Every structure is written in structure tokens, then in C-alpha cells.
1. Going by average Cβ density within 10 Å per residue, which order do the peptides 307-314, 208-215 take, highest to lowest?
2. With a cut-off of 8 Å between alpha carbons and a minimum separation of six or more residues, what is the relative contact order of the chain in percent?
3. Modelled label-to-label distance, residue 205 and residue 40, 7 Å Cα→beta-carbon offset: nm?
4. Expressed as a rounded percentage, what relative contact order does region 8-128 have, with Cα pairs under 8 Å and six or more residues apart?
5. At what distance in nm do the modelled label points of residue 29 and residue 73 sit from each other, each positioned 7 Å from its Cα along Cα→Cβ?
6. With each label point set 7 Å from Cα along the Cα-Cβ vector, what nm distance links residue 119 and residue 178?
7. State the percent of C-alpha pairs, over all pairs in the chain, separated by a distance greater than 23 angstrom.
8. GNM, the chain, Cα, under 10 Å: largest mean-square fluctuation among 107, 64, 16?
């Protein structure tokens, strides 16, 4: 998208909790961009559209067969809700429009995109962004991995606070039986539902359960670690402990041989005091910025698109605390 001016963005699910946060981030950082806020009940987005300014509603039913005409001249389409028929991504690929979907989080979901991009050869980026908090684990992993000559284990932990509006929804998943998650264990790719103890910043130990998401394979490729897993857990966040307001906390623990040749274990925590919706939306913004600087097109993984040093600095500038523990 390097030579494309971003003038119009179409957001499906744009008045939901995460979609509206994405729209707000785009408005803050791209004030001249026209926004189309789409969903099955456009009236629900009326207040948001008024707040955003230079924004318009659109009806879309992603279980149907029609993409509204407002999407046709957008430079970027964002799916902030599941797209079970791949309606939006097929439209974007066929019309060579840049695309982000924050819900496509498994290899099975990405395979149809791979086949479509091979057939139509789009020059604009198509980014399945079903990573935790839209990829914001990855800059912390890159930061820590630079301290190691050999990375053996990477453990990712997402802590959700019940006091966060999205934290309660995420924590409810923990009350249900999750499908065994893809992990890498001693070099082998396998599936596991075995819980893991997670030691929080304050020393409290809680249990997390493994979760299938794109971060696991991405981190394995980034670090060459023989063991990688991502666990989700519910508990009291750093923000709640420090100031009585819930944060979303992403823990990265790396074990291996450091650059001095010693066995080492190091940790980084990325904690967003504004909560989960803000962090996810900021992850999307970070990818949009990277897309606008890149000449790459077709199906792209976030880790191939992001400049990790730049992304980490952007996180800090946005008020996300990056804590080396």
C-alpha cells in the first residue's frame, strides 16, 4: 500500500466494542479518512458515527451474499467480526483492496485465503490478523529473543481481568471446555488442553489453559524455539493492583542460552491500562501503519509485515507499559 493514499476504510462490525475502538484509532491517527461503519443493525452505530465525524453507516449481513457498494471504493476493508463465508475477503481479493480480518486465528481459516490470493494475485496486502491483541505479543517476543543466542522455550500468557468489559467475555471462555490447542513441545507440533501454572508479576500463581491462535506458529518461526505455547487466564491485572482500573496484560517468558553463553530465563510484560478493546484496536492500527509503508502484497503474516522495533516504540508511545521483569 506504499503508493496508495488511505482515503476510505470500511469496517464490518464497526460499532461493536472492538470495531468501534478500531474506528476510533483510525479517526485519531487518520483524521481525513472517510469511515464506513457496517453491521446488521446500522442504527446501533448512529451515536458512534456522530462522534467520529466523516463517517457513514452501511448494512451488511456476513451470512448473506451481498457486500454493500460502499466497500467498492475503499482502500482498506476490516472485518472486526467473524466472516463465515469469507464474503468480505473474497470481495477484497477480487477487487484488489487491502484487507484485515482480526478473527481468522487458525491455519484452517487461512487456507482459503491462500488459494484465493494464488488465483487472483492481488497486489494489495491481505492480512489475517487473528493474533492475540492483533499481534502485540510479537514485538515483546522480538525484544526478548534478541538477548538469546538459542531460544528453547517461549511461553505466552494473556491475563484477562473480570473488571474489563471484554475480560468478562474472555474469562467466560475459560468456564467452557476449550478444544485442545496447537502447541509446539520439544520440537513436535501437537495439541494439548493441559493447564499450566503462570506466576504473575506480584508473585501470585494462577492456572492458564492453552489457546489455539496464530501467535504460536509465528513465534516458533521467529525464534526457532522447540517449545511454544499460548495460555489464557483470568485474574487481577497489573492495572487493577496499581490504580484500581483493569488492564490487559501480556506475559512473554523466554528460556534458553543468552548471548553471553549462560542459561537464562527472561520476561517482558506488555500491559495496556486502557484495557483489551484498546489494545486490540491499537494492534490493528500498528498493522495499518506497516501496510502503508510496505510494497508487499498478497497474503501476509503480521510478523512478515511489522518492523518489531518500531512497533514496540509505538506501543510505548501509546501508553502501553512494556515491563522487563
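The numbers here are math on the coordinates, done by the rules we state, and not lab data. This one's a predicted model, so the numbers in the text were calculated from it and none came from an experiment. Glycine gets a Cβ as well: all are built from the backbone with ideal geometry, and neighbour counts include every protein chain shown.
1. Order by mean packing, descending: 208-215, 307-314.
2. Averaging sequence separation for qualifying contacts and normalising by length gives 20 percent for the chain.
3. Using points 7 Å along Cα→Cβ, the separation is 4.5 nm.
4. 23
5. 2.6
6. For the pair residue 119/residue 178, the computed spacing is 3.4 nm.
7. On the way: 30062 of 52650 pairs.
For the chain, the fraction of Cα-Cα distances above 23 Å is 57 percent.
8. 64
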